[in-house]
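The values are calculated or read from the model by the stated rules, or taken from the named source; none is laboratory data. Computed from a predicted model, the values in this text were never measured in an experiment. Here the Cβ positions follow ideal geometry from the backbone for every residue, glycine too, while neighbour counts run over all protein chains shown. Please note that ligands, DNA and RNA were not included when accessible areas were found on the heavy atoms of the full protein model with its side chains. Shrake-Rupley method; radii C 1.70, N 1.55, O 1.52, S 1.80 Å.
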Amino acid sequence: MARVCSFVIAVAFLWIGLGFLSSNADAQAADPAEVRVVFVRDGVFTSPTDPAWDQIPETRHALMAQMIAVPHGGGSVSEISVRAIHDGDRIAIRLEWADLSADIGVGVNTFRDAAAIGFPVGRPEITPSPFMGDEEHPVVIWQWAADFDADAEGKSRFGTRYPHSEGVWIFPQDLSVRQQVRGWRGANAVIEYVAHGFGTLTPRIETSVEGSSEHKDGKWNVVLRRKLSTSNTEDPAFVPGEASSLILAVWDGAKEEVNGRKAVTYQWIPAKLDGTQSTTARADVGAQGDAGGPDADE
């Protein structure tokens, strides 16, 4: 009975989402551009500003305010670009979007910038609902947050906001919370969640995803990377030569976007991993056809 109810709720939310999409057809394309995950045999690029990223095919995706679940709102960021690579062992995805300010602190009426990518768990025959999946078709979400990134690099939020006090005095509760977070998350810039439908979003104690970022010239560039496969059965599966899909979300802290107030894609974006027989290397990455093509091993 619980599974039936969960399915009905997921279908209802999907119906609402599709209705919302149909009234905003100009904002998001019916068939989003496929993300090509280029094979590079010299290792994935870990720096978000590595010049080699410029040679990787880019897709741009429209974002809209989240209007399905409360709290509604967001939508300050209207577009995000995606570039992706793998080396047969690891996958790296770079996100880029416009944001005039780098919001890396959290406090009273202070919010952080953040971005997230969602994937179906495993290699499902049925694509789950893009709205947090359902009981039998879960989704995994990788969320990068600017304040986590700052902490991971040793730049404390307190010290950034009050630079003259760093090393002199710090509120005891702030230190204890920071230690708790570091012990729980390992001071990583990324946290992973798994969801089996609305209201079930659960953080994982351990994460296999790494992240790095740079804010420059009014833009965020963020790279999220992970091994193609893990031992966790509730992880997305990335297989060279095969298809996958993803969803995206962005929060602008300066516009008080937090939790459900965010800019999102309302449908799955198709992705395809290049096969590993490509001759692509750091020196010769390029557009489709210049790197051996996505089906080079087929």
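Brief remarks follow.
- Members of segment 97-111 found to be within 23 Å of Q55 (Cα to Cα) and open to solvent by 30 Å² or more (accessible area, probe 1.4 Å), listed by number: A98
- Tabulated pairs, segment 191-215, first of a type in the set (F, W, Y), second at pLDDT 95 or above, C-beta under 6 angstrom, 6+ apart or interchain: Y193/I141
- Restricting the search to strands (runs of 3 or more DSSP E) fully inside segment 188-260 and requiring at least 3 residues that are open to solvent by 50 Å² or more (accessible area, probe 1.4 Å) gives 210-216.
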